[in-house]
Amino acid sequence: MIQAETQRILIADDEPLARDRIRRLVDQIPGYQTCGEASDGDQALHQVAELEPDIVLLDIRMPGMDGMEVAEKLNRLTHPPAVIFCTAYDHYAITAFEVQAVAYLLKPVRKEALAEGLARAGRINRVQLLALQAREAGSASQLAVRTHRGTELIEMASIRYCQADQKCVTIHHAHGETVTDFTLKELESAYPEHLLRIHRQTLAGIRHIQALARGPDGTYSLRLRPGHIELPVSRRHTTDVRNKLSQS
């Protein structure tokens, strides 16, 4: 079950004043809380193992094991926390993204930059959770969607298509419609074996695809079963859809 909850943050920095400042900034940003602190790389790894934070705010230059080494070790974990580097040095930026850092913030860290980095980390973690849910559920995978009625479980195999409309996505499935705040990109990334992109605003349920049809004006549409559902296919995605159909 995927639930929106407060993101837990570990601050790793060898300077007490720097840790204090970042902690105060975190306290001012809704949806996040500091769960622990570390003053060097070894302590940071120990705290990650003990506290299981969602995000690590990590300095690079620290005594002993530096921040880059810590990030490399974290990446080997099965479910690593997101890493945001907070440093006074700008020449590590390229290396930072090689170890899959979500953001690279220069000290003194600004509240706006920190909030943006944390939001990016949250989006990435959400995609990871969706993918994990899909892998653990296997062929009988379900999608957990929070609605005004509570949490609704939707069988992935029952999803006919998903359509974006402004800020929401409507999932059309065998038992009706469900509105979610998951984006099409999140759903597409987590469930590539179930959902196929056919338009900027639409994903189609692969097992429900019947045929790709070309209209007299040269545009394409996708026919879904059961029923007589036809969805427009953008020119950009026509080749991908045709290739997918040839494989099935």
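The values are calculated or read from the model by the stated rules, or taken from the named source; none is laboratory data. None of these values were measured; they are calculated from a predicted model. Quick reminder, even Gly has a Cβ in these numbers, built from the backbone with ideal geometry, and neighbours come from all protein chains shown.
Some values worked out for this structure:
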quantity	calculated
Members of region 58-79 that are in contact with a helix residue (DSSP H, G or I) (Cβ under 9 Å, 6 or more places away or on another chain) and basic (Lys, Arg)	ARG61, LYS73
Near pairs, Cβ below 6 angstrom, 6+ apart or cross-chain, from region 159-181 (more than 13 Å from ARG200 (Cα to Cα)) to any residue that is among the aromatic types (Phe, Trp, Tyr) and part of a strand (DSSP E or B)	HIS172/TYR161
Residue that is buried (at least 17 other Cβ atoms within 10 Å of the Cβ) and more than 30 Å from GLU155 (Cβ to Cβ), where the choices are ASP42, ASP54, ASP59, ASP27	ASP59
Count of residues meeting criterion [of a type in the set (A, V, I, L, M, F, W, C) and surrounded by fewer than 19 Cβ atoms within 10 Å (Cβ to Cβ)] in region 1-17	4
Answer from GLU112, GLU37, GLU72 - the residue that is assigned to a helix (DSSP H, G or I), modelled with pLDDT of 90 or more and among the acidic types (Asp, Glu)	GLU112
Per-region count, region 218-238, residues modelled with pLDDT under 90 and over 25 Å from GLU155 (Cα atoms)	1
Residue within region 181-197 that is of a type in the set (Val, Ile, Thr) and crowded, with 18+ Cβ neighbours inside 10 Å present	no
Test result for THR180, among the β-branched types (Val, Ile, Thr), at pLDDT 90 or above and not assigned by TED's automatic domain parsing to the domain that holds HIS79	no
